[in-house]
Amino acid sequence: MLESDFQKKNRFFLNMGPQHPSTHGVLLIVLEMSGEYVLDPQPVLGFIHRMHEKMAESRPCQSFMPNTARMDYVCALPYNHGYVSLVERKAGIEVPRRAEYIRVITSELNRVASHLLWLGAYLLDLGAFTPILYGFDDREHILDILEDITGSRLTYCYYRFGGVNQDIDDKFVDSTRAFIKRLRKRFVIYEKLVTKNIIFIKRTENIGIVSPDMALRYGMTGPNLRGSGIAYDVRKNEPYSIYPEFDFEVPVGEQGDCLDRYMVRVREMEQSLRIIEQALDRLPEGPVRAKVPKNIKLSPGDCNFAVEAARGELSYYLVGDGTGVPYRLKVRVPSYSNLSCLPELGRGILLPDLVSILGSFDLVIPEMDR
Amino acid sequence: MKQYFSEIYTGGKSLVEGLGVTFKALFQPIVTVQYPREEIDITPNYRGHIDLVLDPEKNTFLCISCGMCEKACPSDCIKIKGEKLEGEKKKTLVLFELDFTKCSLCGACVESCPKDALEFSQEYNLAAFSREAFHFDILKRLEERRT
Ligand code: SF4
Ligand code: SF4
């Protein structure tokens, strides 16, 4: 970075956000600038804080279910999943196998939907308008499929303690299979349209390199960590639900630049499709909801449960005190840690590159602020 | 120098390929639905705001004003009142209000109802200028559907 005397004398502050199309929500980043170069980016959070954790501590544990979907509205089902599994672990509730299968299938569908939305939005950040239309077209199919069984399009409240709200039918199975077939064909289009595109490559290759050491220092998880070459995935490393029964890979990147993070997500979609296919093939018969007591008592002591959400490791930590109301619920969300490396990563880069990096982190702001 | 030209060639080729994708899309069926001039059918499982179930035989509600739904709701959206009318043994529902501004469409009320007296409506075209417009009188909505 070259700084002329004029620029040195005329450093200025630029507020990026809270209303900025590429912060994807109400995130403010205060940038100290010198010309077009960023000297010091500092994220400012808290614009959309809704006290979700406090809400959990003031009502029976069942009543927190709808809140879980409103933290990360793009990928809500893993949030449902983490919370129900947490309470099930705490209260010792057995979940029927069919219910676990349904949970995995729907969670993975939601992950694909989330990645598709990210793909479109990221390209939009980089100035390409067309891919988001393709992405939304595909994502719409998933939303339709999920709407048919959950009743809502984004903020699902579908899982219940001891199972799921509603059984899936043949229509769901058929349309999911048809969708998998369709999306595999569409991957070819995405590759031609985006992955091989020279402008896209120039905007992402060697930009925002997160070294493995740096990723670990900031507690990054999910595709951002895997982009740096560390194969850590909660589904593999700390298996929950029925994930150990499925055969899937954990894609990793090489050097941790924006392109690697992109590639990891694209390849992850393929792996998710594989999981869904296997689950549909082996879908057992049986009940989808176990009998659970009406007022679940949370025994004294603490309990933790981690799941792999689309953005990384999501973990719930709960302290019970013998009543039905949690004494403390802490939610560890991935985006918060993923963003925290920005001040170090964004020093001395061009402003357009900062936009590229921010997009590649796949941030969801309501999740950070909770 | 050689690399410079090969980069131009591969770069140019990638752009042409990408344009090919969009060009092909030009001849594919239109997927956009021109809402609100066109509408798509929504799934019967769609969860709109809650409604009382109309019992076709008795031509009235099934609700016994037990108050379970009121208690189950995480956001205190539901307000019900049952009164003992003259000459009846049990309570009759006289008020069922829903504050839809706070409802999260979670379904806890529908699930908790012992009489299956609640259902989700199919309404999604909801917009208004005031908050009060979303304080629904569910009982009145049922009266309107009665034959
Ligand atoms: S759907 Fe949920 S939030 Fe809405 S009224 Fe019923 S219980 Fe309350
Ligand atoms: S739970 Fe059902 S029966 Fe009881 S008050 Fe509510 S709607 Fe009526």
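The values are calculated or read from the model by the stated rules, or taken from the named source; none is laboratory data. Computed from a prediction, not measured in an experiment: that's the story for all the values here. Using ideal geometry, Cβ is built from the backbone for each residue, glycine included, and neighbour counts are taken over all protein chains shown. When the accessible area is computed, the model is the full protein with side chains, heavy atoms only, and any ligands, DNA or RNA have been set aside. Shrake-Rupley method; radii C 1.70, N 1.55, O 1.52, S 1.80 Å.
Reported count of residues in segment A:279-302, each being surrounded by fewer than 18 Cβ atoms within 10 Å (Cβ to Cβ) and not charged (D, E, K, R), is 11.
When segment A:190-217 is filtered for residues that are more than 18 Å from residue A:348 (Cβ to Cβ), away from every other protein chain (no Cβ under 14 Å) and not charged (D, E, K, R), the ones remaining, listed by number, are A:212, A:215, A:216. Scanning segment B:17-46 for residues that are assigned to a helix (DSSP H, G or I), open to solvent by 100 Å² or more (accessible area, probe 1.4 Å) and either aliphatic (A, V, I, L, M) or within 8 Å of another protein chain (Cβ to nearest Cβ) (or both) turns up just one, B:19. Taken together, the residues in segment A:159-168 that are facing another protein chain (nearest Cβ under 9 Å) and closer than 15 Å to residue B:45 by Cβ amount to 2. Screening B:81, B:58, B:71 for residues that are assigned to a strand (DSSP E or B) and more than 30 Å from residue A:138 (Cβ to Cβ) leaves exactly one candidate, B:81.
Scan segment A:321-345 for residues that are in contact with a Cys (Cβ under 8 Å, 6 or more places away or on another chain) and open to solvent by 10 Å² or more (accessible area, probe 1.4 Å) and jot them down. Correct list: A:324, A:325.
Candidates are the residues of segment A:234-262 that are of a type in the set (A, V, I, L, M) and surrounded by 19 or more Cβ atoms within 10 Å (Cβ to Cβ); the one that is nearest to residue A:312 (Cα to Cα) is A:234.
Every listed requirement among (1) of a type outside the set (Asp, Glu); (2) within 25 Å of the chain's Cα centre (by Cα); (3) at pLDDT 85 or above is met by residue A:17 save one, (3). Here residue A:192 fulfils each of the conditions (1) at pLDDT below 85; (2) assigned to a loop (DSSP other than H, G, I, E, B) apart from (2).
Residue pairs, Cβ under 7 Å, 6 or more apart or interchain, first in segment B:100-129 and over 18 Å from residue B:67 (Cα atoms), second away from ligand 1 (no atom under 14 Å from the Cβ). List them. Short answer, once both residue conditions are applied: B:101/B:131; B:122/B:42; B:124/B:42.
Screening segment B:84-100 for residues that are of a type in the set (Lys, Arg) and assigned to a strand (DSSP E or B) and picking the one that is nearest to ligand 1 (Cβ to nearest atom) gives B:91. Among all residues of segment A:169-185, there is at least one that is within 14 Å of chain B (Cβ to nearest Cβ) and among the small types (Gly, Ala, Ser). Does residue A:216 count as over 21 Å from residue A:75 (Cβ atoms) and within 20 Å of the chain's Cα centre (by Cα)? Considered against the rule, which asks whether it is over 21 Å from residue A:75 (Cβ atoms) and within 20 Å of the chain's Cα centre (by Cα), residue A:216 comes out as yes.
I need the full set of residues from segment A:122-138 which are within 30 Å of residue A:84 (Cα to Cα) and open to solvent by 20 Å² or more (accessible area, probe 1.4 Å), in order please. Selection gives A:136 alone. Pairing residues of segment B:65-90 that are closer than 29 Å to residue A:59 by Cβ with residues that are near ligand 1 (Cβ under 9 Å from one of its atoms) and in a strand (DSSP E or B), at Cβ distances under 7 Å and at least 6 apart in sequence or on separate chains, gives B:69/B:78; B:69/B:118; B:70/B:78; B:77/B:98; B:77/B:99; B:78/B:98. Yes or no: residue A:177 surrounded by fewer than 16 Cβ atoms within 10 Å (Cβ to Cβ) and touching a residue at least 60 places away in the same chain (Cβ under 8 Å)? For residue A:177, the condition - surrounded by fewer than 16 Cβ atoms within 10 Å (Cβ to Cβ) and touching a residue at least 60 places away in the same chain (Cβ under 8 Å) - is met.
Applying the condition of being touching a residue at least 24 places away in the same chain (Cβ under 8 Å) and farther than 27 Å from residue A:128 by Cα to segment A:204-216 and asking which residue is most open to solvent (accessible area, probe 1.4 Å) yields A:212. For segment B:47-77, the tally of residues that are within 15 Å of ligand 1 (Cβ to nearest atom) and either open to solvent by less than 40 Å² (accessible area, probe 1.4 Å) or touching a Lys or Arg at 6+ places or on another chain (Cβ under 6 Å) (or both) stands at 15. So, of the residues in segment B:106-120 that are crowded, with 18+ Cβ neighbours inside 10 Å and part of a loop (DSSP other than H, G, I, E, B), which turns out to be nearest to ligand 1 (Cβ to nearest atom)? Looking at the filtered set, the residue picked out is B:106. Out of curiosity, is residue B:87 among the small types (Gly, Ala, Ser), assigned by TED's automatic domain parsing to the domain that holds residue B:117 and touching a Leu at 6+ places or on another chain (Cβ under 7 Å)? Criteria not met by residue B:87. Free of Cβ contacts under 8 Å to residues at least 24 places away in the same chain, within 13 Å of another protein chain (Cβ to nearest Cβ) and touching a Lys or Arg at 6+ places or on another chain (Cβ under 9 Å): is that true of residue A:137 in this structure? Here the answer is yes, as residue A:137 does meet what is asked.
Contact map, segment A:274-286: first residue among the basic types (Lys, Arg), second residue part of a loop (DSSP other than H, G, I, E, B), Cβ cut-off under 6 Å, separation 6 or more or different chains; pairs are A:274/A:248. Number of residues in segment A:15-29 that are out of contact with any helix residue (DSSP H, G or I) (no Cβ under 8 Å at 6 or more places or on another chain), touching a residue at least 12 places away in the same chain (Cβ under 8 Å) and open to solvent by 60 Å² or more (accessible area, probe 1.4 Å) equals 1.
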